[in-house]
Amino acid sequence: MKQWKGLMKKEWKTMKVSLYLVLILNVTAVFLIPFLLDEWAGIPRIEVSIVIGFVWLMFQTILAAILLLTSLEKDMKQPELWLHSTASIFKLTGAKYTLSFLITVISITWNGLLLIISVSVGSHQLGVSLGELIQIGIYFAGLSALSTIPYMVIAFFFWTIYQLLKPYLKTFASAVSFLLFLLLPAFLGLLQKFVNQLPRFGELPFPMPNNLAWAMESGGEASFYFESGDIYASDILLIIVLIALVYVGSTKWFEKKVRL
């Protein structure tokens, strides 16, 4: 436990500036930009705040991956940190994963609170209640937070490939790694076809906002429709297994790279 705390403190020293930065960016996205557009272009602040706030919320699904790769790149400049550490490679990378995820969750939560404040203090009236808007926000915030995990694993996988190719391909390593990344949608499509052939079990209700809409005071109307769906325990289990396998495989590959 002491070793884990030490690793987390080390990562915090590296990433705390990133946390402060994303918190400021949230304020800029939800408050400053909408205010300026309202003043200069006459676009209602609350409309812009909601649109930008939700777009920024979805963008934060890749924030954890960016933080993770930034931390890894910084440590690659000091390979002795990996070679002389008594912690396992899984602890070393796990600390980076954990803090990247926590910072992203804090940023997503802060983004949601700012949106609530923006809607609450505004005189602009929406066609839905604040409670319904919070319900939509929680739904998207939850999806964004959960999405960060596979995105981090995928980013780490291709970053590891790049590190393995770099000694041999030099400047072409990044191009080859990027081309391999472009093949990912095709691979995921084939994987989806295979998964669809597997038997499913453990059907679970999936909570989702249903047919919510809001009307803008200006007369325009923006409608959001959500259909209830179901998920299966087998699908969740398969996703967890695949993510774990990719993480373990990438980490072992990375360990070989470090030991070279």
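In this structure, the pairs whose alpha-carbon distance is over 25 Å, taken from Lys77/Lys256; Lys5/Lys166; Lys13/Lys256; Lys16/Lys166; Lys166/Lys252, are Lys5/Lys166; Lys13/Lys256; Lys16/Lys166. Exposure check, 1.4 Å probe, all protein chains in place: Lys91 carries approximately 70 Å² of accessible surface.
With every protein chain in place and a 1.4 angstrom probe, the accessible-area ranking of Val119, Val17, Val246, largest first, reads Val17, Val246, Val119. Accessible surface calculations at 1.4 Å, restricted to protein heavy atoms, place segment 1-46 at 67 Å² per residue. Could you tell me the calculated FRET efficiency between Lys13 and Thr86, based on Cβ-Cβ distance and R0 = 22 angstrom, to the nearest 0.05? Once rounded, the FRET efficiency stands at 0.70. Amide H to amide H, with H built 1.01 Å from N, Tyr232 comes under 5 Å of Leu204, counting only residues 5 or more places away or on other chains. Straight-line cross-link partners of Lys9 among the lysines, defined as a Cα under 18 Å from its Cα and at least 8 positions apart when in the same chain: Lys74, Lys91, Lys96.
By accessible area, using a 1.4 Å probe on protein heavy atoms only, segment 1-73 has 75% of its surface on carbon and sulfur.
At a 1.4 Å probe radius, which order do Lys74, Lys96, Lys2, Lys13 fall into by accessible area, largest first?
Result, largest first: Lys2, Lys13, Lys74, Lys96.
Label point 7 Å out from Leu238 along Cα-to-Cβ: which residues of segment 154-186 have amide N under 20 Å? Of the residues in segment 154-186, 154, 184-186 have backbone N under 20 Å from the label point off Leu238.
The largest accessible area among Arg45, Arg200 belongs to the first residue in Arg200, Arg45, and the rest follow in falling order (1.4 Å probe, all chains). Taking all protein chains together and rolling a 1.4 Å probe, Phe181 ends up with roughly 90 Å² accessible.
The values are calculated or read from the model by the stated rules, or taken from the named source; none is laboratory data. These numbers were taken from a predicted model, which means no experiment stands behind them. Every residue, glycine among them, receives a Cβ derived from its backbone with ideal geometry; neighbour counts consider all protein chains shown. The accessibility values were calculated without ligands, DNA or RNA, using every heavy atom of the protein model including side chains. Shrake-Rupley method; radii C 1.70, N 1.55, O 1.52, S 1.80 Å.
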